[in-house]
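Just below is one structure, and these are the notes that go with it.
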Amino acid sequence: MSSDPAATGQPGRWRRELRATALLSAPLVVGQLASMGMNVVVTVLAGRDDTATLAAIGIGAPAWSVVILLCIGVLMAVPPTVAQLAGGGRRGEIGAVARQALWLALGLGLSLLLLIRAAPAALAWFIDPALMPGVRDYLLGIGWGAPALALYFALRYVAEGVAWTVPTMLVGASGLALLPFLGQALMLGSGPLPALGAGGLGLAVALALWWQVLAMALTLWRSRRCADLGLFVRFDPPQPVVIGRLLRLGVPMGLAIFMEGSLFVATALLIATLGPLPIAVHQVAILAASVAFMVPLGVAMGTTVRVGQAAGAGDAEGVRWAARAGWGLGLATQTGSALLLALGGTAIAGLISRDPAVVGLAASLMLLAAVFQFADGLQAISGGALRGLKDVRMPALITVFSYWGVGLPTGVLLGGVGGAGGALVFGLGWGPTGYWIGLILGLSVAAVLLTWRFVARSSRDLRPVTARRENG
């Protein structure tokens, strides 16, 4: 990525940087896989109940995913803020910022609770009335977890900002381990507990999230590693200036994350207009691709922290090395993912679906998934590196342009849009293949532009940039 001889003439530095990034990112990858595992557990449990419960989860899950995207995006302001303070030798200031991040998370969580409780009324306009009771019960149950979700991410991101990622792995895994027991008991009933169906599954997720909040708070409180941060030494009222600074970083990040996530939601909805087989094929392939994406996403989170620490110290060369290590590690992991999807697509699809038609077509889509592994990994890691520099506004615009200005229109044109009975009413009719070509193009444009943006920004003097960001 650079003509700097240091990038190629110091193999020892390469080994150290790659090792540091890998050790930091590995627990984050496990934590992300645990988060995705919750969706898998809920889906499997719903399938054991009845078709109506499974359908309710399938409709309610996208609405809940909006809550997750908003939480992750807005609160992503915390890791670079904490990392720059730590890198600049200002660890004593982290506790005060963390307490304001918790106030922000609480307000965000309560707002999203109200949003998710209003969602059934909006969904009622689009779905079969017979499914509405299950959808409503699921969303009302899981909605109680919205404040917990926000508070958990705030605490988790504080730990990650000081380069302590093991709690993310352990607490995330504990929540995943707890969910099957809670879900089974609340969905089907157990002893004095009544069978609550889809609503029970939603409530089980909420309880697992509240467990994660308590476990993470206890971990940070008892840890010697965080003792000097003074996270819980006193009560601070909300401070609008500090919260406003976090929002100025977090809102553009939230926009970027939301636009990427909503691209995949919109793509699924448009493919669904083409009929049941195309959407089934797409869902099988996108699930495999989504699991693979958890690896570069974890690397991207680690890169954010390492870039942020170097930026806080005013170490421009350290910033560039942190990004190089992220890119190098991402290239290695994405090569493995691409080979797995390309060579094992049929076997993977067979684990998810038993329909031979779905398996065959999904395997062909996984060849395209193998192609976009590289673009997806590069855009994620370059975006993570930019977050480490607290550069958020232009990356948000790049994301909107790449996904919604390039990717989705291309997919609609090539894939087509169906009408009654799945009849083609617009586009070339390539089906899911056309939409996936659009995804590849959108992700590729984002990868190129975000990487170019980081190279341009990291070539500047970091000390004045950091100072301007800190001063709001």
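Consider D391 against the criteria (1) outside any helix (DSSP H, G or I); (2) over 24 Å from the mean Cα position of the chain (by Cα): it satisfies all of them except one. Which criterion is unmet?
(2)
List the residue pairs whose Cβ atoms are under 9 Å apart, where the first residue sits in segment 167-187 and is over 15 Å from Q212 (Cβ atoms) and crowded, with 22+ Cβ neighbours inside 10 Å, the second is among the acidic types (D, E) and at pLDDT below 90, and the two are 6 or more positions apart or on different chains.
Here the result reads M187/D49, each pair linking segment 167-187 to a residue that is among the acidic types (D, E) and at pLDDT below 90.
Take the residues of segment 434-472 that are surrounded by fewer than 18 Cβ atoms within 10 Å (Cβ to Cβ) and of a type in the set (S, T, N, Q): which is modelled with the highest pLDDT?
S459
Mind checking which pairs have a first residue in segment 424-440 that is without any contact (Cβ under 8 Å) to a residue 40 or more places away in the chain and a second that is part of a strand (DSSP E or B) and surrounded by fewer than 19 Cβ atoms within 10 Å (Cβ to Cβ), Cβ under 9 Å, 6 or more apart or different chains?
Close Cβ pairs (under 9 Å, with a partner that is part of a strand (DSSP E or B) and surrounded by fewer than 19 Cβ atoms within 10 Å (Cβ to Cβ)) amount to V425/V417; F426/V417; G427/V417.
Just to be sure before I move on: is L201 assigned to a helix (DSSP H, G or I) and within 30 Å of S382 (Cβ to Cβ) in the structure I sent?
Considered against the rule, which asks whether it is assigned to a helix (DSSP H, G or I) and within 30 Å of S382 (Cβ to Cβ), L201 comes out as no.
Please state which one of A338, A316, A375, A332 is closer than 29 Å to R13 by Cα and in contact with a Lys or Arg (Cβ under 9 Å, 6 or more places away or on another chain).
Just a single option satisfies the conditions, and that option is A316.
Would you mind stating whether W430 is surrounded by fewer than 20 Cβ atoms within 10 Å (Cβ to Cβ) and under 30 Å from A311 (Cβ atoms)?
Taking the combined requirement at face value, the residue does not satisfy it.
In segment 221-242, which residues are in a helix (DSSP H, G or I), in contact (Cβ under 8 Å) with a residue 60 or more places away in the chain and surrounded by fewer than 16 Cβ atoms within 10 Å (Cβ to Cβ)?
First, pick out the residues of segment 221-242 that are in a helix (DSSP H, G or I): 221-222, 224-229, 240-242.
Imposing the further condition that a residue be in contact (Cβ under 8 Å) with a residue 60 or more places away in the chain reduces the set to 225-226, 228-229, 241-242.
Residues satisfying the conditions are R225, D228, V241.
Taking G328 and the conditions (1) under 30 Å from W164 (Cα atoms); (2) at pLDDT below 85; (3) surrounded by fewer than 20 Cβ atoms within 10 Å (Cβ to Cβ); (4) not basic (K, R), which numbered condition does it fall short on, given that it satisfies the others?
Here G328 clears every test but (2).
Name the single residue that is surrounded by the fewest Cβ atoms within 10 Å (Cβ to Cβ) among those in segment 337-365 being at pLDDT 85 or above and among the polar types (S, T, N, Q).
Out of the qualifying residues, it is T346.
Restricting to segment 144-164, count the residues that are surrounded by fewer than 24 Cβ atoms within 10 Å (Cβ to Cβ) and in contact with a Lys or Arg (Cβ under 9 Å, 6 or more places away or on another chain).
Looking only at that region, the number is 3.
Can you tell me which residue is modelled with the highest pLDDT among those in segment 97-143 that are surrounded by 18 or more Cβ atoms within 10 Å (Cβ to Cβ) and among the basic types (K, R)?
R99
With the condition kept exactly as written, say whether any residue in segment 6-18 is charged (D, E, K, R), modelled with pLDDT of 75 or more and buried (at least 18 other Cβ atoms within 10 Å of the Cβ).
First pass over segment 6-18, keeping only residues charged (D, E, K, R): 13, 15-17.
Checking which are modelled with pLDDT of 75 or more leaves us with 13, 15-17.
Now drop any that are not buried (at least 18 other Cβ atoms within 10 Å of the Cβ), which leaves 17.
Checking segment 6-18: at least one residue is charged (D, E, K, R), modelled with pLDDT of 75 or more and buried (at least 18 other Cβ atoms within 10 Å of the Cβ).
Can you name the number of the only condition in (1) modelled with pLDDT of 90 or more; (2) closer than 19 Å to A272 by Cα; (3) of a type in the set (A, V, I, L, M) that L424 fails?
Tallying (1) modelled with pLDDT of 90 or more; (2) closer than 19 Å to A272 by Cα; (3) of a type in the set (A, V, I, L, M), L424 fails exactly one: (1).
Take the conditions among the basic types (K, R), more than 20 Å from R156 (Cβ to Cβ) and assigned to a helix (DSSP H, G or I) and apply them to R306. Does it pass?
no
The values are calculated or read from the model by the stated rules, or taken from the named source; none is laboratory data. Computed from a predicted structure; not experimentally measured. Heads up, the Cβs are rebuilt from the backbone with ideal geometry, glycines too, and the neighbour counts pull from every protein chain shown.
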